[in-house]
Amino acid sequence: MSSRLNISEEFETEECHVFLNFRGKDTRRGFINTLSAFFQFKERNIRVFLDEKKIKVGNEIAERIKRAITDSQIYICVFSRNYASSPWCLRELAFMLESRRKSNGKEILPIFYNVKVEDVKLKTDLYRDHLSELKKEYGEETVQKWEKALKEIAAIKGWDSADYGGDADLSEVVVGEVRSRLKIQQMRGHLVGLKEAIDNVIAKLDIESGGVKFLAIHGVSGVGKTSLAKSVFHQLSVRFQGCSFLADIQESFEHGNGFEALKEQLLRDIPDSDGESTSIEKRFRDKKVLIVLDNVNKREQVMEFAKKSLRFGPGSRIIITTAKDHPILLIQPAAGKKSTEGAAKKFKEFDTLEMKEMEFDQALRLFSKYAFCKDSPPDDHRSLSEQAVESVGPLIPLTIEIIGSFLRGKNEEVWNRTFLELKEIHSHAINLKLKVIYDALSYQAKQIFLDIACLFVNKEKTNAMYTWEACHNNREGIDVLTGMSMVKILDDGKLWMHDYLRDLGRGIVDADRWKNPGVLTRLWRHNEALEVLQRYEGKQNVEALCLCYDPSLRGLTLTHKEFTNLKVLRFLKLYSVKLSGDLEHLLPRLRWLSWHECPHEFEATNLLLRKLVILDLSESLIMDKWGGWSCLQGAIILKVLDLTGCRHLERTPNLSKFKYLERMILAGCTRLVEIDSSIVEMKRLKYLNLRGCDSLMELPEQIGSLEALSEIIFMQGECKPFNLPESIGSSKSMSILEVGNVGISQLPLSKGGLGRLERLSLFRCSMIKQLPDSLGGLSQLIELDVSETGIIAFPASIGDLKELKVIKMSRCPITELPRAIGMAQNLKELHADHCTELRGEVPAEIGNLSHLKILDLSYTGITTLPETISQLSELEILHLESCHNLERLPKLPQGLTRLHFELWSLLEDPILCELGNLVDLVMSDIGPDLPSQGHISNLEWMQTLSKLENLDLSVSDSSTFCLPQLKSLNLSCRDLSKACSELPCTLSRLVLAHLEVHSRLPHFENLENLSFLSFYRCSIKEKDGLELGQLKSLFHFSAIECLFRMGKGLCLPKDLRVLSMSECEFCADTFLDLAGLKHLKQLKLSKCKGLIEVRGVGQLESLQELIVRHCECLARLDDLSNLRKLEIVKIYDCEMLTYVGDLERISELDLKEKFIFLNCRPVKGSCDEQSS
């Protein structure tokens, strides 16, 4: 008989996710039993086909086996010593390969159990002898087919049982990988029907054009707006200088800290180069960013970003998702309120896209993805599937996905019963249809569903999981919910639930309350929670109570009275309140106490929280002598202690009572000097976060001996001498060790230690000069980061790191790449940029890195790339900019999509016309000061690069070229008309440098799509002036260090939004006339010589920002006092300036920042120095 793990109410021919192919007599009673148990108890939603028939007859695969293989998405092949003696195993193997070829997306995962890869590749006698015997019975042709299958699958990266401590360790890794791969396949299901919408969004964003644009994606709830925004975000993020996806804005404003919390996430997601600025305006000044505001439901939420968008760099894009039918309502002023008009629909920067319901065929395909894990339903279930889709009502992805997931694996009776229930509900009552699925959940799953809906949407999963395990003794409920697509765990570990489901859960809790007055289970609304807490009656059923941040409650004291009758309370969230009095016998079931900004006084007694699992005292004023520590010693099953941001804490308390503690977070405890030695008694501690503990002097010596400790994060603000305990190097359990900006001089690594380490980061540990030879013993290492350390060479043992995928060594004084690096065959990324001491030849062995995708050698002294680099078939990105000693480029791999290099340093013409996949090319054949070397005369081959979108090209006087249909061009040359016959009409962004124009500027007539134009160090001498008025789409024009000698001045297009001129020189007594620029928002003039007047500024009705500085000849601006949209005015060091209008009236404008007028001549209503 056959066994299908993790199935309830299944069809007899139920489809499975995973098919196990194995030799029963070798592995059934050992490894296969262990692997099956891991699937059974850890991943109950993953269905596995395990054929338990020990005796098989006939020469063909049974139909049920074929069906299982066809339906499964992942095949696990367990190659054991006698595997090749079984014709059944080999038939299944060949059929799996055939099935994979027919259906895209199926994956094969090989396990080499007590055999080597060479055995399966038939390079040894082990399998060859078995196959020789089979040829006698099954013939040459059949066995050759099996041999080919063995060799093909042996080439796939798999697991060698010898690398693991036992069957359990190997099984855990395999199950985790299967879970990950199935998740990726499931994510592909979200894209059903989205391709056209993705293309439409990308087209509307027009990311190569200038200006800051908003795009609102709107439609009914559940139609897939978030999935669309995420897909676009991931696809475009590499094209921006910074990106942030701000999930569920509505929830953040209603139950969080609103814009402040979003601001913190923005600053985390888009770091500053110097890491110092905490202002969004300063951090994002002139930076091209991509920001998604997901699930916006109020105008004010967008207006905050619309106001700040002025500071974002040209090309920035803000995507909004909203369930409103008319997103324009989000940005129109409320009745009776003053209009900011910061992002009004009438401006071209704000666009919309409506998402509509799916077509039936798309809906059926999506349903099939979740019900059967394939693109279309099986023939014998097509009719049932069509009925299911018809019963959904509006064809929106949310309900289709959930109902498909729910029906997966159920028998026909359940399908029909579900159809009847759904059809009885009005087609548009989506919440009631989802209630049908909720009602089918187990009690535990329902409780977890309600917890998430009311308390944990967009919250990190870890603490919630600890709570549920403590309350329900298992995590089955969350597995059921994720398997049914009712809850999702995002990549960052946060719990996510759609609005419909969140509102369904909260509605169920509210409905119970109205049906049974006094039955309050979860109180997540601040005012309601406070009201219930302060009364005596009606609290006996409260399981969760949340008080949000409220300045008016600072100093509020809670006593025995408030906590009386909270006998079943599991979750309590407090802010800034005091506890006082005798609290004995209260809160007996409390599992999670979140008490932020806890005061330094502790006035309560007898607070015995014996069932407490999570204690979060973040941002509190507590110290090591805090009175609460003694009371909390009773929390003997505590698993999580979070002291993030406790800046007054100098020493941790005695922790010996917390024997079950698994996670300890001390991040941001800037005064912490010492960790109490009792930490070494916490044998179950898994995670220790010391990020930002800048005053910490040492770690307890035996901390590395903790048997469960798997992750340490330790980063300081200042690199000062520090010794890591030797015991860390001997750890048997550590998987992640991040030590950043800490003054260690060596990595303590003993032989056989850190055998499970997967990530090692020594970022900015500048005192460490070398890595130990024993580095090669880190057999599980995946990522190694030694950026900005003092390391000058790698040990030869780096080639032993067979699992290594990423090496980061940026800004190291390393002098050469070791030849042994070619043995790290799974390496995907090698970052060696700014290693200025790296010189000479890149070793030929680098050509063995067949999986390498990114190679960054920019700003190094390398002289030669090996010919073997052409063997890197998966290489996509190659950075060689500022490699001034590089003499030639060899043949490059054709899969490259991004190539940056300097042509002027090469001795031979590179052959790049074969790189047909290039999208981004940076190439220069001139030196930094633009010498006329002229050795490369013809670049006509560039027009063959049909996929090229972005080109950065610097050429000498003698070079000529034809350009493909680009979107963005940075071009440095003296004579544009001589070098290039025509600029591509597809250009949306153009930067010209070192150009010398003595007559009319060439090639601009056809640039209808150009939105961004910048000149750098150009000399423009046109008697008719600089004519740009024909560029109707131009939004941004800037000039830096340019010389203008023009008779009629500057003619700009009427729709221009940004005008910036810095360090430019004009003819004496030049004026600019800007009167026609009605849409101009930003005007910046800095160090412009010869400019005496700017006319028409007073007519710039859309102007929001005016900055004029160090313009020594400027004598007059128009009256600014009528510019009602001005937010920023800064005018200083313009010594000749005598008029800007009435300063008193200007100071009355609704400016976002102070009006600054400094170091200018006295003008009407002003003094020499005024700021108001």
Protection proxy ranking, peptides 552-562, 682-692, average beta carbon neighbours within 10 Å, highest first: 682-692, 552-562
State which helices in the chain qualify, where a helix is a whole DSSP H run, it must extend 18 Å or more along its own axis by its Cα atoms, and its mean Kyte-Doolittle hydropathy must be at least -0.5. 87-102, 167-189
Order S972, S1033 by their accessible area, 1.4 angstrom probe, all chains in place, largest first. S1033, S972
Please say if segment 765-828 is rounded, prolate or oblate, where rounded means a/c under 1.5 for a ≥ b ≥ c the square roots of the C-alpha gyration tensor eigenvalues, and otherwise the choice is prolate for a/b larger than b/c and oblate otherwise? prolate
Rg and Dmax in Å for segment 815-924, alpha carbons only: what are they? 12.6, 34
What are the aspartates and glutamates whose alpha-carbon lies under 19 Å from the alpha-carbon of K356, with same-chain residues fewer than 8 places away excluded? E196, D199, D294, D325, E390, E401, D499
quick shape note, segment 581-723: Cα extents on principal axes in Å, largest first -> 48, 31, 19
Please report the spacing between the Cα centers of segment 433-468 and segment 684-736 in Å, no decimals. 35
What are the extents of the Cα atoms of segment 678-783 along their three principal axes, in Å, largest first? 33, 30, 20
Please report, in whole Å³, the volume per residue of the convex hull around the C-alpha atoms of the chain. 196
Segment 394-426 and segment 808-832: distance between their alpha carbon centers, rounded to Å: 53
accessible surface per residue for the chain, probe 1.4 Å, DNA/RNA/ligands not counted, whole Å² -> 42
Debye log10 I(q)/I(0) for segment 389-514, one point scatterer per Cα, at q = 0.19 Å⁻¹: -1.08
Say the cut-off is 26 Å between C-alpha atoms; which of K374/K410; K374/K459; K461/K573; K225/K410; K287/K805 go over it? K374/K459; K225/K410; K287/K805
Using only the Cα atoms of segment 519-604, construct the convex hull and provide its projected area averaged over every direction, in square nanometres to one decimal. 5.0
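The values are calculated or read from the model by the stated rules, or taken from the named source; none is laboratory data. Just so you know, these numbers come straight off a predicted model, no measurement behind them. Positions of Cβ are generated from backbone atoms using ideal geometry, with glycine treated the same way; all protein chains shown enter the neighbour counts. All accessible areas refer to the heavy atoms of the entire protein, side chains included, with ligands and DNA or RNA removed. Shrake-Rupley method; radii C 1.70, N 1.55, O 1.52, S 1.80 Å.
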